[in-house]
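The values are calculated or read from the model by the stated rules, or taken from the named source; none is laboratory data. Since the model is a prediction, treat every value here as computed from it, not as a measurement. Every residue, glycine as well, gets a Cβ built from its backbone with ideal geometry; the counts of neighbours run over all protein chains shown. Only protein heavy atoms, including side chains, enter the accessible area calculation; ligands, DNA and RNA are left aside. Shrake-Rupley method; radii C 1.70, N 1.55, O 1.52, S 1.80 Å.
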Amino acid sequence: MAIPYPHFIGSEKSAMETGIPVPSSPSSATLSPVILTQDELKKIAAYKAVEYVESGMVLGLGTGSTAKHAVDRIAELLRQGKLHSIVGIPTSKKTHDQAVSLGIPLSDLDAHPVVDLAIDGADEVDPFLNLVKGRGGSLLREKMVESSCRKFVVIVDESKLVKHLGASGLAMPVEIVPFCWKFTAQRLQTLFEDSGCVAQLRTSVENGEPFVTDNRNYIVDLYFKKDIGDLKAASDEILRLAGVVEHGMFLDMATTVIVAGELGVTVKNKLK
């Protein structure tokens with residue numbers, strides 16, 4: 001059941017503070033439907049996720065346009081004194097720089113091998129809460145942190161919901177070593193030829209050079225025309241290829257998915 005936005009946000013004042021338009025009364029809601037942008041939906045989901053954060057936690061700080069809102073909110077609550085003794089573990093250099101600029105104390109997995117809670121976005125979410133992540137290029141560090149946490153809360157807008165992973169027709173990323181990348185890309189494409197796979201090296205928009213991850217690796221994006229079937233089998237087959245570092249399927253990892261859509265916020269919890 002979806003939680004309507006006025007109920008979630010709590011008051012007209014708090015809605016104004018977040019920059020999200022919300023009707024001031026039931027009558028105005030009937031007369032003037034609220035149309036939210038995709039970024040506003042992301043912000044709503046992110047703020048809802050931060051409600052899971054408690055003082056004293058070690059937090060995995062996600063990467064991307066949705067996770068950015070969560071990091072901003074955590075910093076705001078720290079400044080207000082509503083949270084304290086938080087330690088963040090960033091999943092990318094970009095998130096590291098954002099957290100430092102906001103004054104969030106940071107550490108790493110060497111010092112904190114168990115993370116209490118991670119909050120991050122996703123590129124696709126299937127009905128079983130399996131994810132595709134990494135279209136922003138941070139999939140390896142994201143998976144290292146988010147596989148080490150007690151609770152992993154994923155925040156998305158409803159456009160990211162799919163019937164099966166790969167169904168959006170967008171990229172499923174695979175991080176690979178630069179050495180003989182064409183060889184590795186061809187092997188990945190051949191692996192999923194029955195699914196109509198096309199493998200493409202990710203390049204920089206600015207100069208057309210290969211996109212380089214924080215770990216100095218390349219990314220090959222896989223595009224599928226058909227369902228790839230057994231995800232765990234696909235995962236194992238990808239990881240067995242020499243030259244592959246990690247892939248963007250996050251299987252059986254999310255404990256909660258928060259979805260912001262036209263009708264409100266829906267919270268999906270992993271079945272135990």
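Any chance you could give the angle, 0 to 90 degrees and rounded to 10, that helix 38-50 forms with the longest Cα principal axis of the chain?
The answer is roughly 80 degrees.
How big is the antiparallel share of DSSP beta bridges in segment 62-182, given as a percent to the nearest 5?
Details: 2 of 10 bridges.
Counting DSSP beta bridges with both partners in segment 62-182, the antiparallel share is about 20 percent.
At 1.4 Å probe radius, can you tell me the per residue accessible area of the chain in Å²?
On the way: 13620 Å² over 272 residues.
Computed with neighbouring chains in place, this is 50 Å² per residue.
Taking K and R as +1 and D and E as -1, what net charge do the other residues with C-beta under 13 Å from the C-beta of Tyr218 add up to?
Values: positive: Lys182, Arg202, Arg216; negative: Glu175, Glu209, Asp214, Asp221, Glu246.
Local net charge: -2.
Got a number for the accessible area of Asp227? Probe 1.4 Å, square angstrom, nearest 10.
It works out to around 80 Å².
With unit charges on the beta carbon (Lys/Arg positive, Asp/Glu negative), name the residue among Gly134, Val87, Phe152 whose Cα is farthest towards the positive pole of the charge dipole of segment 78-186.
Towards the positive end, the residue furthest out is Val87.
Semi-axes of the equivalent ellipsoid of segment 118-272: what are they in whole Å, largest first, if each equals the square root of 5 times a C-alpha gyration tensor eigenvalue? The partial results should precede the final answer.
Details: eigenvalues 134, 56, 46 Å².
They are 26, 17, 15 Å, listed from largest to smallest.
Using amide H atoms built in the peptide plane, which far-off residues or other-chain residues are under 5 Å from Ala118 H to H?
Gly60, Lys151, Phe152, Val153
Can you sort Cys180, Cys197 by solvent-accessible area, 1.4 Å probe, largest first? Please list the in-between numbers first.
Details: Cys180 70, Cys197 10 Å².
Per-residue accessible area, sorted high to low, gives Cys180, Cys197.
Could you work out how far the C-alpha centroid of segment 216-272 sits from that of segment 134-191, in angstrom?
A separation of 6 Å, based on Cα centres.
Got the relative contact order for the chain handy, in percent, Cα pairs under 8 Å and 6 or more residues apart?
Working: 540 pairs, mean separation 56.7, N = 272.
Reported relative contact order: 21 percent.
What is the mean projected area of the alpha carbon convex hull for segment 66-153, to one decimal in square nanometres? Please report the intermediate quantities before stating the final value.
Details: hull surface 23.3 nm².
For segment 66-153, averaging the hull's shadow over all directions gives 5.8 nm².
Say a site is exposed when it is one of the GluC sites (Glu not before Pro), sits in a DSSP loop, and has at most 15 other Cβ atoms within 10 Å; what is then the longest site-free stretch of the chain? Don't skip to the end; give the middle numbers.
Values: sites that count: Glu51, Glu54, Glu206, Glu262.
Here the longest segment lacking exposed loop sites spans 55-205.
Output the 0 to 90 degree angle, nearest 10, between the alpha-carbon long axis of helix 65-80 and the longest principal axis computed from the alpha carbons of the chain.
Relative to the chain, helix 65-80 is tipped by roughly 40 degrees.
With every protein chain present, what accessible area does Lys160 have (1.4 Å probe, heavy atoms only), rounded to the nearest 10 Å²?
Approximately 40 Å² for this residue.
Can you send over the solvent-accessible area of Tyr47, 1.4 Å probe, protein chains only, in Å² to the nearest 10?
40 Å²
Choose one of Gly196, Ala254, Leu271: the residue whose Cα lies farthest towards the positive end of the charge dipole of the chain (beta-carbon charges +1 Lys, Arg; -1 Asp, Glu; about the Cα centre).
Result: Leu271, furthest along the dipole toward the positive end.
Using only alpha carbon pairs under 8 Å that are at least six residues apart, calculate the relative contact order of segment 45-135 and give it in whole percent.
Working: 141 pairs, mean separation 30.8, N = 91.
It rounds to 34 percent for segment 45-135.
If you roll a 1.4 Å probe over the chain with all protein chains in place, what percent of the accessible area is carbon or sulfur? Could the numbers behind the result be given before it?
Details: 7330 of 13620 Å².
Ligands and nucleic acids excluded, carbon and sulfur reach 54 percent.
What is the Rg over Rh value, at two decimals, for segment 174-237, using alpha-carbon atoms and the Kirkwood definition of Rh? Write down the numbers at each step before the final one.
On the way: Rg = 12.5 Å, Rh = 12.5 Å.
Rounded to two decimals, Rg/Rh equals 1.00.
Give the ranking of Arg240, Arg73, Arg187 by solvent-accessible surface, highest area first, calculated with a 1.4 Å probe. The partial results should precede the final answer.
On the way: Arg240 175, Arg73 60, Arg187 95 Å².
Solvent-accessible surface, decreasing: Arg240, Arg187, Arg73.
Could you name the lysines in cross-link range of Lys272, using Cα to Cα under 17 Å and dropping any fewer than eight places away on the same chain?
Excluding near neighbours in sequence, the set is Lys151.
Would you kindly give the portion of the calculated P(r) for the chain that falls above 24 Å, as a percent of all Cα pairs?
Details: 18847 of 36856 pairs.
Across the chain, Cα pairs with separations above 24 Å total 51 percent.
Can you tell me what share of the DSSP beta bridges in segment 105-260 is antiparallel? A percent to the nearest 5 is fine. Could you put the intermediate results ahead of the total?
Numbers: 17 of 29 bridges.
Given both bridge residues lie in segment 105-260, the antiparallel proportion sits at roughly 60 percent.
Which percentage, to the nearest 5, of the DSSP beta bridges contained in the chain is antiparallel? Spell out each step's value before the answer.
On the way: 24 of 44 bridges.
Roughly 55 percent of the DSSP beta bridges within the chain come out antiparallel.
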